[in-house]
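Trainee: Here it is, the structure in full.
Where a number appears in this text, it was derived from the coordinates with a stated rule and is not lab data. What you see is a predicted model; the values in this text were computed from it and never measured. Quick reminder, even Gly has a Cβ in these numbers, built from the backbone with ideal geometry, and neighbours come from all protein chains shown.
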Amino acid sequence: KQEVTQIPAALSVPEGENLVLNCSFTDSAIYNLQWFRQDPGKGLTSLLLIQSSQREQTSGRLNASLDKSSGRSTLYIAASQPGDSATYLCAAPGGGTSYDKVIFGPGTSLSVIP
Amino acid sequence: DGGITQSPKYLFRKEGQNVTLSCEQNLNHDAMYWYRQDPGQGLRLIYYSQIVNDFQKGDIAEGYSVSREKKESFPLTVTSAQKNPTAFYLCASSPRDRRPYNEQFFGPGTRLTVL
């Protein structure tokens, strides 16, 4: 059964700093992994979906990498801004025959201090 | 604009009442999902549907029921059997008929509070 963890649980950085959020998964037979952003009291916004055939996916200041062999994905945020403050969640496929299901990590709560 | 709508945004339930949360999508997606989110926790799957007139239980289905009579709609009923229903409920959909099959798109959520 797929399990997804995220480290750290919370992170506070000064504005302008580059930072890395980590996501680990136990079933490496995945074909993609998705990163989301969630603002307080809101739904999830998809940031990046990285396919297993890709090692990296970029969108603006965001870069996601995927290493299936080690069961890890990272989300790199360059030149952080106060507007980046939110909770970031990763989600991996449920594994086995559950290809329609995804398993979410608990999230990393990011605070960017002006 | 294509997207997912959920209503109401806030819902209050008295003890012993059943309430229904609405989820509608115009993305022409086959699969739809209901998740529950508790403070400081990740999302847990309640029910999902891969196609009209079919649905499967997720990890925490007890006390909940769903229907999928139309492709666009996947309402969730929180029954009186659900002992601790206060939470944030999120609906999502995914295309299933094209890659990436399981890419999830979310609605804005409904916050349910038991009085």
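Trainee: Specify the residue with the greatest mean-square fluctuation among A:Arg72, A:Arg55, A:Arg37, computed from a Gaussian network of chain A linking alpha-carbon atoms under 10 Å apart.
Mentor: A:Arg55
Trainee: Tell me the net charge near B:Ala87. Cut-off is 13 Å between Cβ atoms, B:Ala87 excluded, with +1 for each Lys or Arg and -1 for each Asp or Glu. Before the final figure, lay out each step's value.
Mentor: Numbers: positive: B:Arg13, B:Arg36, B:Arg44, B:Lys83, B:Arg111; negative: B:Asp38.
Charge balance in the 13 Å sphere: +4.
Trainee: Of all DSSP beta bridges located in the range A:7-114, what percent are antiparallel, nearest 5? Please list the in-between numbers first.
Mentor: Values: 35 of 40 bridges.
Percentage antiparallel, nearest 5: 90.
Trainee: Report ³J(HN,Hα) in whole Hz for each residue of the range B:47-60, in order, from the Karplus equation J = 6.51 cos²θ - 1.76 cosθ + 1.60 where θ = phi - 60°; Gly and Pro get x.
Mentor: 8, 9, 9, 8, 7, 4, 6, 9, 7, 10, 6, x, 7, 9
Trainee: Could you give each residue of the range B:87-95 its phi-based ³J(HN,Hα) in whole Hz, using Karplus coefficients 6.51, -1.76, 1.60 with θ = phi - 60°, and x for Gly or Pro?
Mentor: Coupling constants for the range B:87-95: 5, 9, 10, 10, 10, 9, 9, 8, x Hz.
Trainee: Something else about it: Can you compute 3J(HN,Hα) from phi for each residue in the range B:3-9, using the Karplus curve 6.51 cos²θ - 1.76 cosθ + 1.60 with θ = phi - 60°, rounded to whole Hz and x for Gly and Pro?
Mentor: x, 10, 10, 10, 8, x, 6
Trainee: What is the projected area of the convex hull of the Cα atoms of the protein assembly as shown, averaged over all directions, in nm²? All intermediate terms of the calculation are to be shown ahead of the outcome.
Mentor: On the way: hull surface 50.2 nm².
Approximately 12.5 nm², given one-decimal rounding.
Trainee: Each label point is 7 Å from the Cα along the Cα-to-Cβ direction; what then is the distance between the points at B:Leu115 and B:Lys57, in nm?
Mentor: So the two model labels end up 3.2 nm from each other.
Trainee: In addition: Shape call for the range A:1-101 from the C-alpha gyration tensor, a ≥ b ≥ c root eigenvalues: rounded (a/c under 1.5), prolate (a/b greater than b/c) or oblate? Walk me through the intermediate numbers first.
Mentor: Details: a/c = 1.96, a/b = 1.65, b/c = 1.19.
Prolate, since a/c reaches 1.5 and a/b exceeds b/c.
Trainee: Also, quick follow-up: In whole percent, what relative contact order does chain A give with Cα contacts below 8 Å and a gap of six or more residues?
Mentor: Values: 294 pairs, mean separation 42.0, N = 114.
Relative contact order of chain A: 37 percent.
Trainee: Tell me, rounded to the nearest percent, the portion of alpha carbon pairs in chain B spaced more than 18 Å apart. Walk me through the numbers on the way to the answer.
Mentor: On the way: 2971 of 6555 pairs.
The share of Cα pairs beyond 18 Å in chain B comes to 45 percent.
Trainee: Tell me which residues come under 5 Å, amide H to amide H, from B:Phe12 once H is placed; ignore anything under 5 positions away on its chain.
Mentor: Hits under the 5 Å cutoff: B:Thr113.
Trainee: Which of B:Leu43, B:Leu90, B:Leu76 moves most in a GNM of chain B, Cα contacts under 10 Å?
Mentor: B:Leu43
Trainee: Let me ask something else about it. Mind telling me which of B:Gly40, B:Gly63, B:Gly16 comes out most flexible in a GNM of chain B, alpha-carbon contacts under 10 Å?
Mentor: Residue with maximal mean-square fluctuation among B:Gly40, B:Gly63, B:Gly16: B:Gly40.
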